[in-house]
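Notes follow the structure.
The values are calculated or read from the model by the stated rules, or taken from the named source; none is laboratory data. Everything numeric here is computed off the predicted structure, so don't read it as measured data. Here Cβ is always computed from backbone atoms with ideal geometry, including for glycine, and neighbour counts include all displayed protein chains.
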Amino acid sequence: MVVVMQERASEDQIQHVIATLVEREFDVHRSTGALKTVLGAVGGNRDFDTGLIEVMDGVQQVLRITEPYKLASRTFRPTPTVVSLGAFRIGGDEVIVMAGPCSAETEEQVEEAAATVARSGAKMLRGGAFKPRSSPYSFQGLGEEGLRMLRAACDRHRLELVTEVMDVGQIELVGRYADMLQVGARNMQNYSLLRELGRSRTPILLKRGISATIEEWLLSSEYVLAGGNTDVVLCERGIRTFEPYTRNTLDISAIPVIHKLSHLPVVVDPSHGTGLRDKVAPMARAAVAAGADGLLIEVHPDPDRARSDGAQSMFPEQFERLMAELRIIAPAIGRSICVEPAARRAAVSHA
């Protein structure tokens, strides 16, 4: 249930309500807005009489949440969550672009990809060091060596790094290098991993499972939120359907649905969503028009020689053209996609 405190409720009144809920075996999560404090109470007894809380000093309203996901629900937090990463925010007015290669392969490849995406206006470098592949014989990533390459390139080009963590044992290692930890589609329902990430304070990018419903996706986010990590960003990356022409079916409708059901930001991965390079730009444009808070795009300096997912990776010139197109689309819906100032780019290139 959700307890909405009055606008002028004192801290003592808020703490008294929290103590009462905890005494009745609820886990309490506090959300403090500009005017009001909202308490999310999870667990406890289903037959609990909410009237006991409604009559307490400082309480304005008590609402029962009918959705199985509580902390991810709009009922708990009516205003959108904004996740801060360095100098920018995901979920604000700016559409944040995360771009880079599927996996780190060589220092030259990572450096060229980072330079390209930074020059074009992306704010984050995406790239894998540990790669979950369908075949055990496919390239599995460079591990910590790849993390070092990605981190060094980010530092040179003033980018933040998002990279995948595959199991609990990798959280500490990957967390030393990454600014955001990605949970891949195959791990969306790896509840042991999600619980541990809930104890982390590094922002999480949670990809939708290959065949997951939106409710299942939000329930997975609930595991992270319940652990205390409120910096969760959802990523729509396509789902498996009967259509064989594209790698997956990119669910653009998930964007407005998520925004209605949940306060969490949602970004879109048109690269995995289609698996075809020539389909990435149209789907990226559609995602921004539909209200996506960000994009996750694969860009490789030489996709035809990429060790993984070359067919869905954009050439640098394609990505630059796409970014120019997105700068026309975003203002039409009240958003923006910023370009790195020329002076800053020059400072980076001479660093």
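Within the group Ile65, Ile53, which residue is in a helix (DSSP H, G or I) and under 11 Å from Val3 (Cα atoms)?
Values: Ile65 fails: in a helix (DSSP H, G or I).
Checking each option against the conditions leaves just Ile53.
In segment 75-90, how many residues are of a type in the set (D, E, K, R), within 18 Å of Arg335 (Cβ to Cβ) and buried (at least 19 other Cβ atoms within 10 Å of the Cβ)? Give the derivation first.
First, the residues of segment 75-90 that are of a type in the set (D, E, K, R): 77, 89.
Next, only the ones that are within 18 Å of Arg335 (Cβ to Cβ) stay: 89.
Checking the rest, the ones that are also buried (at least 19 other Cβ atoms within 10 Å of the Cβ) come to none.
Of the residues in segment 75-90, 0 are of a type in the set (D, E, K, R), within 18 Å of Arg335 (Cβ to Cβ) and buried (at least 19 other Cβ atoms within 10 Å of the Cβ).
Pairs needed: first member in segment 152-168, in the same structural domain as Ser200 (by TED's automatic domain parsing) and closer than 17 Å to Leu85 by Cα; second member anywhere, surrounded by fewer than 21 Cβ atoms within 10 Å (Cβ to Cβ) and hydroxyl-bearing (Ser, Thr, Tyr); C-beta distance under 8 Å; at least 6 residues apart or different chains.
Leu161/Tyr177; Thr163/Tyr177
What number goes with the only condition from (1) of a type outside the set (Asp, Glu); (2) part of a loop (DSSP other than H, G, I, E, B); (3) touching a strand residue (DSSP E or B) at 6+ places or on another chain (Cβ under 7 Å) that Gln60 does not pass?
(2)
Considering only segment 75-103, how many residues are touching a Ser or Thr at 6+ places or on another chain (Cβ under 6 Å) and either assigned by TED's automatic domain parsing to the domain that holds Ser31 or among the basic types (Lys, Arg) (or both)?
1
Would you tally the residues in segment 256-284 being more than 22 Å from Arg74 (Cα to Cα) and surrounded by fewer than 18 Cβ atoms within 10 Å (Cβ to Cβ)? Spell out how you get there, then give the answer.
At the first step, the residues of segment 256-284 found to be more than 22 Å from Arg74 (Cα to Cα) are 269-284.
Narrowing the set further to residues that are surrounded by fewer than 18 Cβ atoms within 10 Å (Cβ to Cβ) leaves 276, 278, 282.
Number satisfying all stated conditions: 3.
Before we move on, is Ile53 closer than 21 Å to Arg74 by Cβ and among the β-branched types (Val, Ile, Thr)? First the steps, then the outcome.
On the way: closer than 21 Å to Arg74 by Cβ: yes; among the β-branched types (Val, Ile, Thr): yes.
For Ile53, the condition - closer than 21 Å to Arg74 by Cβ and among the β-branched types (Val, Ile, Thr) - is met.
Starting from segment 11-31, take each residue that is assigned by TED's automatic domain parsing to the domain that holds Glu54 and over 17 Å from Glu54 (Cα atoms) and list its partners that are charged (D, E, K, R) and buried (at least 18 other Cβ atoms within 10 Å of the Cβ), counting only C-beta distances under 9 angstrom and pairs at least six apart or across chains.
If the second residue must be charged (D, E, K, R) and buried (at least 18 other Cβ atoms within 10 Å of the Cβ), the pairs left are His29/Lys70; Ser31/Arg77.
Based on this model, can you work out whether Gly43 counts as touching a Phe, Trp or Tyr at 6+ places or on another chain (Cβ under 7 Å), closer than 19 Å to Ser73 by Cα and surrounded by fewer than 16 Cβ atoms within 10 Å (Cβ to Cβ)?
On the way: touching a Phe, Trp or Tyr at 6+ places or on another chain (Cβ under 7 Å): yes; closer than 19 Å to Ser73 by Cα: yes; surrounded by fewer than 16 Cβ atoms within 10 Å (Cβ to Cβ): yes.
Taking the combined requirement at face value, the residue satisfies it.
Evaluate segment 189-203: report whether one residue or more is buried (at least 18 other Cβ atoms within 10 Å of the Cβ), polar (S, T, N, Q) and not in a loop (DSSP other than H, G, I, E, B).
Taking segment 189-203 as the starting set, the residues that turn out to be buried (at least 18 other Cβ atoms within 10 Å of the Cβ) are 190, 193-194, 196-198, 200, 203.
Applying the additional criterion that residues be polar (S, T, N, Q) yields 190, 200.
Remaining after also requiring not in a loop (DSSP other than H, G, I, E, B): none.
Checked against the condition, which is being buried (at least 18 other Cβ atoms within 10 Å of the Cβ), polar (S, T, N, Q) and not in a loop (DSSP other than H, G, I, E, B), segment 189-203 yields no hits at all.
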